[in-house]
1. Six or more apart or on different chains, Cβ under 6 Å: which pairs go from a residue in region 46-62 that's without any contact (Cβ under 8 Å) to a residue 60 or more places away in the chain and open to solvent by 30 Å² or more (accessible area, probe 1.4 Å) to one that's charged (D, E, K, R) and assigned to a loop (DSSP other than H, G, I, E, B)? Could you list them?
2. Of all residues in region 163-213, how many are in a loop (DSSP other than H, G, I, E, B), closer than 14 Å to residue 142 by Cα and hydrophobic (A, V, I, L, M, F, W, C)?
3. So, residue 70, is that one over 27 Å from residue 173 (Cβ atoms), open to solvent by 50 Å² or more (accessible area, probe 1.4 Å) and at pLDDT below 95 or not?
4. Anything in region 171-210 that is open to solvent by 50 Å² or more (accessible area, probe 1.4 Å) and β-branched (Val, Ile, Thr)? List them, or say none.
5. Which members of region 62-86 meet the condition of being assigned to a loop (DSSP other than H, G, I, E, B), closer than 21 Å to residue 149 by Cα and either of a type in the set (Phe, Trp, Tyr) or over 17 Å from the mean Cα position of the chain (by Cα) (or both)?
6. Identify the residue in region 13-35 that is open to solvent by 80 Å² or more (accessible area, probe 1.4 Å) and at pLDDT 50 or above and, among all such residues, is farthest from residue 149 (Cα to Cα).
7. Among the residues of region 114-151, what is the count of those that are over 25 Å from residue 41 (Cα atoms), without any contact (Cβ under 8 Å) to a residue 40 or more places away in the chain and of a type in the set (D, E, K, R)?
8. How many residues are surrounded by 15 or more Cβ atoms within 10 Å (Cβ to Cβ) and of a type in the set (S, T, N, Q) when one looks only at region 119-155?
Amino acid sequence: VIPTPSSCPTSKASRVHIRHRRPHSHATNASMPAEQTCGGDGVAATARWIAAARALEHERRDGDRMFNDRFARTLAGEEGFQFRGGSAPIAVSRTRFFDDAALAAVEGGEGVTQVVSMAVGMCTRAVRLSFPPERGTCFELDKPVIFDIKEPILDTMLTLRERALCRRVVVPVDFERPPPHHVTDPSGHWAELLVNAGFDPALPSMWMLEGLT
């Protein structure tokens with residue numbers, strides 16, 4: 001858990017592609033999209049592997065599992081189970097740790113209303129956890145290929161109740177290839193996109209970097 005940055009760029013120069021998850025008038029009845037692959041992107045494929053590990057945990061007996069994630073198997077796809085059969089024990093305990101930490105931060109007395117997940121992968125925390133009403137905005141940052149796979153699946157699977165659990169804001173960002181004006185300061189690129197997406201650096205926030213090395 002990383003404290004709120006003391007400063008953050010406030011430029012509005014960059015255009016931001018974001019998706020806001022708000023309650024819909026009804027749950028979607030769309031058919032499941034055809035499965036996509038990561039197109040050889042090893043980092044994105046790893047995100048699907050971790051989703052596979054969460055799926056295996058979700059499918060354990062109710063009394064034994066550490067969390068529920070009904071989206072995980074679909075987000076993993078066949079691609080996610082191709083490495084070690086989807087087994088990643090550390091990812092299971094890590095998921096539960098960050099679940100508890102996120103809820104504790106938002107439910108605590110420090111006024112945290114923003115949860116930022118860097119390199120979020122196929123994490124579904126924003127549509128699984130019951131954040132206090134009007135207290136949770138979850139910002140998800142990752143490579144565009146992640147959201148190209150993730151968003152059509154969630155659009156199809158999410159119920160009205162799940163869409164209303166928090167305000168979810170998706171921020172696609174290429175961490176490895178910042179624009180020319182941010183080449184000497186790559187973090188300034190994603191920070192700028194985050195602010196453009198509605199993040200307020202003046203408000204308390206919780207930051208998560210889960211599984212990064």
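The values are calculated or read from the model by the stated rules, or taken from the named source; none is laboratory data. For clarity, every value in this text was computed on a predicted model and none was experimentally measured. Using ideal geometry, Cβ is built from the backbone for each residue, glycine included, and neighbour counts are taken over all protein chains shown. Just so you know, the surface numbers come from the protein's heavy atoms only, side chains and all, with ligands and any DNA or RNA stripped out. Shrake-Rupley method; radii C 1.70, N 1.55, O 1.52, S 1.80 Å.
1. That search, which allows pairs on different chains as well, returns 58/69.
2. Here is the first cut: in region 163-213, the residues in a loop (DSSP other than H, G, I, E, B) are 164-166, 173-179, 183-185, 197-204, 210-213.
If we keep only those that are closer than 14 Å to residue 142 by Cα too, we end up with 173-178, 197, 210-212.
Filter again for hydrophobic (A, V, I, L, M, F, W, C), leaving 173, 175, 197, 212.
Number satisfying all stated conditions: 4.
3. Against the criterion (over 27 Å from residue 173 (Cβ atoms), open to solvent by 50 Å² or more (accessible area, probe 1.4 Å) and at pLDDT below 95), residue 70 does not qualify.
4. The answer is 183, 184.
5. 71, 81, 82, 83
6. Here the residue is 31.
7. Residues meeting the conditions: 2.
8. Summing the residues that are surrounded by 15 or more Cβ atoms within 10 Å (Cβ to Cβ) and of a type in the set (S, T, N, Q) in region 119-155 gives 2.
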